[in-house]
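The numbers here are math on the coordinates, done by the rules we state, and not lab data. Keep in mind that this is a model prediction, so the values were computed, not measured. Backbone-built Cβ (ideal geometry, glycine too); neighbour counts: all protein chains shown.
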Amino acid sequence: MRKGLITTIAIAGMLLFTACVSDEVKTSDTTTKFERFQTVDKKDFIALQEGKNKFNCPQCGMKLPMFFKTNHAATSNGKVKQYCSIHCLADDKHNHKSQLSNMKVLTVDTLKFIDVKDAIYVVGSEKKGTMSGLSKYAFEGRMSAKRFSQEFQGKVMNFDEAYKYALKDFSK
């Protein structure tokens, strides 16, 4: 029993590490540097929540600018919460039973927040996910999502379908 628990914890740790590790990129001078696809320049980051922790996900504590291209937001008890990912939004809504309204997602193609119901998601691309081994990126335009899917693989779907995939993270 104890050995099984240790194995489960080790696997969960590796999955989380894999989801958060940077993509390796070659720069023009052929030196190697690391950067995350999800990260944007600080000047492009938009904080929707307020307070001293406005740059941190309220569920997991990760730095929101570092995972900006997977940010989601929702209103709970009159306050905006900004999450690093659909995974953390699903954790708050489904597992913690938070009453969330006005759910929004940051779109990769416009770097703007839109209503999740208007977004087109690409699930399972070659780009690393946030808080999950299975990536979930949102787009405002269907054509942008299709181009991304053609270049980096993944399945194009709506929010409800992507949310179901996010919930699968918790069944393991």
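Observations, loosely collected:
- Spin-label zone in the stretch 65-97 - amide nitrogen under 15 Å from a point set 7 Å from the Cα of D44 along the C-beta vector: 65-71
- Qualifying aspartates and glutamates (Cα of each under 12 Å from Cα of K117; at least 8 residues distant if same chain): E140, D160, E161
- Residues listed by number, the stretch 53-72, amide nitrogen under 17 Å from S98 label point at 7 Å toward C-beta: 53-65, 67-68, 70-72
- Prolate/oblate/rounded call for the stretch 91-172, Cα gyration tensor, a/c under 1.5 rounded: oblate
- Listed pairs K52/K104; K43/K127; K112/K155; K52/K97; K43/K155 exceeding 29 Å between Cα atoms: K43/K155
- For the listed peptides 144-150, 63-69, a ranking on the average number of other beta carbons within 10 Å per residue, highest first, reads 63-69, 144-150.
- Packing-based ranking, highest mean first, of 102-113, 158-169 given that Cβ atoms within 10 Å are counted: 102-113, 158-169
- Spacing of the two label points (7 Å from each Cα toward its C-beta) at E161 and C60, in nm: 2.4 nm
- For N56, the residues whose amide H sits under 5 Å from its own are L64, ignoring neighbours fewer than 5 places away on the same chain, with H placed 1.01 Å from N.
- For M103, the shell of other residues with beta-carbons less than 9 Å away shows a net charge of +2, using +1 for Lys and Arg and -1 for Asp and Glu.
- Counted charge near A73, where neighbours are those whose Cβ lies closer than 13 Å (Asp, Glu -1; Lys, Arg +1): +3
- The C-alpha radius of gyration of the stretch 37-168, expressed as a fraction of 2.2 N^0.38 Å, stands at 0.95.
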